[in-house]
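Here's the structure we're looking at; comments come further down.
No lab work stands behind these numbers, since they all come straight from the coordinates. Since the model is a prediction, treat every value here as computed from it, not as a measurement. Ideal geometry is used to build each Cβ from the backbone, glycine not excepted, and the neighbour counts take in all protein chains shown.
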Amino acid sequence: MIKRITLVLAVALSFTACKKDDNKETVLLFSPEQDKQLGAQLKAEIFANPNEYPVLDEAKYPFAYEYIRGLKDSILNTGKIGYKDEFAWEVYIIQDDSVLNAFASPGGYIFFYTGLIKYLDNEDDLMGVMGHEIAHADRRHSVKQMQRQYGISLLLNIVLGKEPGQLSQILAGVAGNTAGLAFSRDAESEADAYSVEYLSQTPYRCDGAKTFFEKLSAAGGSTVPKFLSTHPPAADRVVEIENKAIELGCDTTYYSPSSYQTFKNSLP
C-alpha cells in the first residue's frame with residue numbers, strides 16, 4: 001500500500017512540474033509530451049479509418065504536401081510558437097471537397113480538408129486558418145477541453161493504451177468540434193488573436209483569419225463550419241480580428257502569391 005501511494009504521489013508531482021499554462025480556466029495535468037502521445041494516437045485512428053478520413057497519399061501528392069507544410073513552417077519560424085520544439089507539427093490533407101473544415105489534435109497534428117482549401121481564394125486566407133489551428137494546438141485548447149470533458153484518468157489510460165475504444169469518440173469531438181468538445185468563446189477568440197500575431201511576423205496579411213467569415217457572409221452562408229465554431233458569432237470575430245490587427249499595427253494587404261492556384265490545382 002505504501003508503495004502504491006508513493007507511486008501515485010510521484011506521478012502527481014511529475015504532472016505538477018509540467019502543468020504551468022497561461023490559460024487560467026484549466027490547470028493542465030497532462031505534460032506536453034503526453035499531448036503529443038495522445039495526438040499521435042488520434043492520428044493513427046484517422047489513418048486507420050480511410051472511409052471516413054481519406055487522407056491524401058504523400059507519395060502521390062508530394063507537391064501539395066510540400067506546399068502546405070511550407071506554410072506551416074512559415075508560422076513555426078516566427079518565434080511565436082511556445083511548443084515549437086516539443087510538438088510534432090505534422091500537417092495532412094483529407095480528400096473531401098464537400099467539407100469546409102480543418103482541425104488540430106493535441107501535440108500539433110493538423111488536418112485540412114480539400115473542400116476548405118479549394119473554397120479559399122488566396123494563400124493569405126489559408127494562412128489565417130493555419131494560424132488559428134496552430135494556436136489551438138500551441139495553446140493546448142484541445143487537451144484542456146478533453147480534460148474537462150473526459151477527465152484526466154481516461155485520457156491517461158488512453159495514452160497508456162488501456163482505453164483504445166474511447167479514441168473514436170474523442171476523435172469525433174476533435175475532428176467535428178461536436179457539442180461535447182466545442183471550444184469555449186475564450187479559446188476561439190484566443191486562437192483568432194494568435195493567428196493575427198503569427199501572421200504579423202510574415203509577409204501575409206495579418207488579419208487573414210477573418211476573410212473566411214467575410215466570404216461565407218458574402219455568399220449568403222448562414223452556418224459557420226464547426227471548425228471555426230459559432231462562439232463568438234462570426235461578425236463579432238471579424239471585428240475582434242480587425243481590432244487585434246489595429247492593436248499590432250500590422251499589414252492587412254494581401255500578399256497573395258500566385259502559386260496558391262497551382263497548389264489547389266494539384267489536389268484531386
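Observations
- Segments 79-90, 97-108 sorted - mean Cβ within 10 Å per residue, highest first: 97-108, 79-90
- Subtracting the Cα-Cα distance of ASN77 and THR253 from 0.36 nm times their residue separation leaves 61.3 nm of extension gain.
- In nm, spacing of pseudo-spin labels at THR262 and SER98 (7 Å Cα→C-beta vector): 3.3 nm
- Spin-label model distance (nm) - LYS118 vs LYS215, 7 Å beyond Cα toward Cβ: 1.3 nm
- DSSP-defined beta bridges in segment 22-265 - what % are antiparallel, rounded to 5: 50 percent
- Cross-link partners of LYS264 among aspartates and glutamates (Cα-Cα below 18 Å; sequence separation of 8 or more within a chain): ASP57, GLU58, GLU66, ASP96, ASP97, ASP121, GLU123, ASP124, ASP125
- Label positions at GLN166 and ILE246, each projected 7 Å from the Cα along the C-beta direction, are separated by 4.5 nm.
- The charge dipole of segment 22-265, taken about its Cα centre with unit charges on the Cβ of Lys, Arg, Asp and Glu (plus for the first two, minus for the last two), comes to roughly 380 debye.
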